[in-house]
1. Order of 444-455, 346-357, 382-393 by packing, highest average Cβ count within 10 Å first?
2. For the stretch 343-418 and the stretch 268-292, what is the separation of their Cα centres, given in Å?
3. Per residue of the chain, what 222 nm ellipticity follows from adding -39500 (n - 2.57) for every DSSP H run with n ≥ 4, rounded to the nearest 500?
4. Find the Rg to Rh ratio for the stretch 110-229, where Rh is the Kirkwood radius over alpha-carbon pairs and Rg uses the same atoms.
5. In the chain, what percent of the accessible surface is made up of carbon and sulfur (1.4 Å probe, ligands and nucleic acids excluded)?
6. What figure, in Å² to the nearest 10, do you get for the accessible area of ARG312 with a 1.4 Å probe and non-protein molecules left out?
7. Size of the dipole of the chain about the Cα centre, Lys and Arg at +1 and Asp and Glu at -1 on the beta carbon, nothing else charged, in debye to 20?
8. Could you sort out which of LYS225/LYS446; LYS44/LYS327; LYS221/LYS438; LYS97/LYS198 sit more than 32 Å apart by Cα distance in this structure?
Amino acid sequence: MTDDPGARFSEFLSRLTEALGPKGVSTDTQEIEPHLNDWRGRWKGSTPVLVKPASTEEVSKAMALCAEYGLAVNPQGGNSGMVNGSIPQGEVLISLKRMNHVREVDVLNDAMTLEAGVILTRAQEVADENGRLFPLSLGAQGVATIGGLIATNAGGAGVLRYGMMRDLVLGIEAVLPDGRVWNGLRGLRKDNTGYDLKQLFIGAEGTLGIVTAATLKLFPKPAVKETAWIIVESPAKAVELLQLAKAASGGAVTGFEIVPRFGLDLVLKHVPDVRDPLPSSADWRILMELSLPRVEGARDMIETLLGEAIVRGIAADAAVCGTEAQKAMVWKIRESVPIAERVHGKALKHDVSVPVSRVAEFMQRGAALARSMAPGVDIIAFGHVGDGNIHFNVTAPPGVDQDAFLNRDGLKVTEAIHDLIVSLNGSISAEHGIGRLKRDELAWRKPQVEMEMMRAVKKALDPDGRMNPGRIL
Ligand code: FAD
Ligand code: MLT
Ligand code: ZN
């Protein structure tokens with residue numbers, strides 16, 4: 001091996017191309033370009049090479065070569081991440097998109113094994129084609145991949161009933177930073193044979209290795225989903241409604257999302273083919289979904305519980321979706337809030353969680369805090385109220401340069417919001433992860449002993465620090 005860095009890299013490239021074939025390696029700037037920007041246009045990256053393995057063996061060969069040449073690696077799935085983790089900063093970029101095969105569906109075991117590059121909507125289809133449900137669902141499901149969803153421990157709309165990605169994974173196959181393959185694709189619900197290593201890779205954001213495949217849990221398909229769009233006066237009423245709905249439906253609430261009037265207005269303004277399902281001047285809406293095992297009685301159940309909510313003053317008004325098209329419309333409104341927000345302008349994004357019992361207090365105190373620190377800001381607080389995760393986004397005040405706000409005064413607002421979250425026993429990253437965005441903050445907010453344990457794990461699996469450097473740790 002030569003000492004000249006340019007010659008060494010050329011040698012690496014030619015050995016990589018020999019190992020993966022020309023389809024597996026690209027230095028074409030046009031092909032690479034879309035991989036270098038995040039979906040909101042906030043961050044820009046660079047890479048000398050895009051690697052596109054088609055199999056675990058090819059990932060292993062690429063990783064072994066990166067190890068030999070001492071090169072850092074950045075894995076990428078659908079590049080829909082929110083925390084600047086998937087944009088390369090000069091590392092070798094490994095896209096898992098070509099690894100998109102369904103390896104196995106074991107219906108009797110309620111499990112399916114998919115490669116890392118399978119898109120979430122395809123995973124949902126595979127489950128459906130086999131008479132089962134894969135319950136993870138989120139706005140980016142048309143692009144986000146199984147590998148990325150595992151790496152970020154994604155959440156989304158069904159968490160209150162089915163849990164996060166962490167709860168949906170039975171087994172994992174991963175390639176370690178030195179190229180070794182770990183086949184942990186076990187379809188077991190019980191396996192007490194030592195440390196649960198798969199959990200290390202879930203939520204590790206690619207800092208410990210590359211996830212190449214996973215065995216995922218499947219669930220019975222509900223016979224019917226009843227969906228309603230509900231007007232409530234306040235987040236406190238929303239939480240009351242959640243308790244009522246859970247009790248009245250025997251735990252069948254599978255979606256409970258809050259949309260503020262301002263978020264709805266942005267969607268109506270910027271997103272085509274949507275209309276307000278229930279016009280009202282009230283400040284808050286809830287999208288509620290119940291998943292039930294029998295069609296008979298389902299409509300009665302939701303109508304009765306909503307009737308009771310209105311009589312008791314918990315809900316102000318409600319509309320039950322009568323058709324699949326109406327259900328699709330209310331979900332479209334909900335999932336379009338981040339898209340409409342992006343058109344509206346840049347915003348401070350706070351992906352935070354608190355115990356459900358403290359959501360209303362957080363929403364009220366958080367809004368007062370942001371408005372006192374930056375008068376005139378708009379607050380778009382929406383999302384997964386059913387599991388305590390609010391996307392508490394704050395726009396720049398009118399007349400203030402958006403980038404300057406995000407990078408200067410806005411930082412103080414974020415610190416204050418996060419202080420409030422910590423005081424309420426919450427988390428400063430509920431579902432999007434840490435990436436590069438929250439790395440520095442994590443280091444001083446987490447207890448020292450926790451940081452030390454995380455660094456020890458990182459050192460054990462990635463002693464040279466080549467896997468996604470600068471993310472999380
Ligand atoms: P990427 O963005 O490509 O990567 C994310 C991170 O994982 C990076 O650090 C990357 O290096 C690493 N990584 C990717 N693939 C692998 C792999 N195979 N092995 C190891 N590491 C890997 N998230 C939620 O949790 N809930 C939501 O409700 C939600 N809604 C969203 C709505 C919109 C409109 C958008 C744009 C995003 C939303 N997200 C949400 C965020 C995003 O979709 C998730 O973080 C998702 O899990 C990212 O998947 P991806 O394949 O795009 O990963
Ligand atoms: C969502 O739930 O829509 C996303 O996680 C939100 C976001 O843009 O923060
Ligand atoms: Zn979300």
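The values are calculated or read from the model by the stated rules, or taken from the named source; none is laboratory data. Here the structure is a predicted model, which is why all the values come from computation and not from measurement. Note that each Cβ is placed from the backbone with ideal geometry, even for glycine, and that neighbours are counted across all protein chains shown. Please note that ligands, DNA and RNA were not included when accessible areas were found on the heavy atoms of the full protein model with its side chains. Shrake-Rupley method; radii C 1.70, N 1.55, O 1.52, S 1.80 Å.
1. 382-393, 346-357, 444-455
2. Using only Cα atoms, the two centres lie 21 Å from each other.
3. My calculation for the chain gives -11000 deg cm²/dmol from helical runs alone.
4. Rounded to two decimals, Rg/Rh equals 0.98.
5. Numbers: 10460 of 20130 Å².
Taking all protein chains in place, the chain shows 52 percent carbon and sulfur surface.
6. Solvent-accessible area, nearest 10 Å²: 140 Å².
7. Numbers: 53 positive and 58 negative charges, 72 e Å.
Here the chain has a charge dipole of around 340 debye.
8. LYS225/LYS446; LYS44/LYS327; LYS221/LYS438
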